[in-house]
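K.L.:
After the C-alpha cells below, expect a handful of questions from me.
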Amino acid sequence: MSTAATAEKIAPPEIAARVADVIVRGATDADTDAVIALIGEVYDEFQGCVLLIDDEHPELKEPKTAFERLGGTFWVAECQGRICGTVALTPTDAPRVARLSRLFIAGPARGRGLGETLCQLVEQTAKDEMQADMMMLYTDSRFLGAHRLYERLGYVRQPGLVHCADASNSIEYVYTKKL
Ligand SMILES: CC(C)(COP(=O)(O)OP(=O)(O)OC[C@H]1O[C@@H](n2cnc3c(N)ncnc32)[C@H](O)[C@@H]1OP(=O)(O)O)[C@@H](O)C(=O)NCCC(=O)NCCS
C-alpha cells in the first residue's frame, strides 16, 4: 500500500486541549503500554504504592474501550510524541455527579499547568456532555501535590477516609466540587 493511501486512512487525532507543545487527545486502546508505564513510574514515587494491572486495574489494558463502556472518556497528554499524562471522566450512580480519576503527569512534565488543564477538560466535558453539576474524586492520602492542585481548583475535601482493601493499603480522601 502506498504511503499516501495509508495517510488517507489514518485520521489525525482530535486534539482536546493543548499546553504549549503538549497535546491532549482521547486515548486509544493501543496506548495501553505507554499508559501503564507512565502510571507505574508515578506509583514508584510513592512508598507502598503498587500497580497491579490484572487484579486491580484491568481497565488500563483497554483505556478507550473500558472507559467508553462506563459511559466516560480516558484522555492522554502527549509531550513530543510520548504519553506524559492521563486523566479520565466517568459518570457516577448519583444523578448529575461525575467522577474525575486517573490523573497522572510524568515527573518532567509537571509544574506547567498540565494537571490543571486536564482537570478543566474533565470538568467542561462533564458539564457539556453529562449535564453534571458536581464533580467528585478519590485521591490517595499520599498524593500531596494532587491535594494542593484540587484545592486550588476549588475542590473541597469531605469528612472521613476510605480504607481500601488493595495491595497499596490505600487510604483515600473524597473531594467534591460544585460546577
Ligand atoms: C498532581 C499532579 C497531577 C499535578 O500535575 P501538574 O501538571 O504538575 O499540575 P500543575 O502544573 O497544574 O500544578 C502543579 C504545580 O505547578 C505550578 N504551576 C503550574 N503552572 C505553572 C507555571 N506555568 N509556572 C510555574 N509553576 C506552575 C502550580 O501552581 C502547582 O504548584 P504547587 O505544586 O506548589 O501547588 C502531578 O504532580 C502528579 O501526577 N502527581 C503524582 C500522581 C498524583 O498525585 N495523581 C493524582 C491522583 S488522585
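K.L.:
What does a probe at residue 50 reach in region 142-179, counting residues whose amide N is under 15 Å from the point 7 Å along Cα→Cβ?
P.N.:
164-171
K.L.:
Using Cα springs under 10 Å in a Gaussian network model of the chain, which residue among 67, 104, 143 shows the largest mean-square fluctuation?
P.N.:
Sorting by GNM fluctuation, first place goes to 143.
K.L.:
Still on this model: Whole percent per 5 Å bin, from 0 to the bin with the longest distance: what is P(r) over all C-alpha pairs of region 76-179?
P.N.:
Going from the shortest bin to the longest, the percentages are 2, 12, 22, 23, 20, 14, 6, 1, 0.
K.L.:
Using Cα positions and a limit of under 17 Å, work out the aspartates and glutamates in reach of residue 61, with same-chain residues fewer than 8 apart set aside.
P.N.:
In chain and number order, the partners are 29, 31, 33, 41.
K.L.:
Please give me the summed charge of the neighbours of residue 96: other residues whose Cβ is under 15 Å from its Cβ, Lys and Arg +1, Asp and Glu -1.
P.N.:
Overall, the nearby charge balance is -1.
K.L.:
How much length would be gained if the chain were fully extended between residue 142 and residue 29, taking 0.36 nm per residue of separation minus their Cα-Cα distance, in nm to one decimal?
P.N.:
37.8 nm
K.L.:
Mind listing the lone cysteines of the chain, meaning no other Cys beta-carbon sits under 4.7 Å from theirs?
P.N.:
49, 119, 164, each lacking another Cys Cβ under 4.7 Å.
K.L.:
How big is the shadow of the Cα convex hull of region 3-178, averaged over all directions, in nm²?
P.N.:
Taking a quarter of the hull surface, the average projection is 11.0 nm².
K.L.:
May I ask for the angle, rounded to the nearest 10°, between helix 114-130 and the longest principal axis of the chain, with both axes built from Cα atoms and the value confined to 0 to 90°?
P.N.:
Approximately 90 degrees, to the nearest 10.
K.L.:
Among 76, 87, 156, which one shows the biggest mean-square fluctuation in a GNM of the chain, springs joining Cα atoms closer than 10 Å?
P.N.:
Sorting by GNM fluctuation, first place goes to 156.
K.L.:
Given an 8 Å cut-off on Cα distances and at least 6 residues of separation, report the relative contact order of the chain as a percent. Don't skip to the answer; put the middle values down first.
P.N.:
On the way: 301 pairs, mean separation 31.3, N = 179.
Normalised by residue count, the contact order of the chain is 17 percent.
Bear in mind that the values in this text are calculations on the coordinates, not laboratory data. Please read all numbers here as calculations on a predicted model, not as lab measurements. Cβ sites come from the backbone with ideal geometry, for glycine too, and all protein chains shown count toward neighbours.
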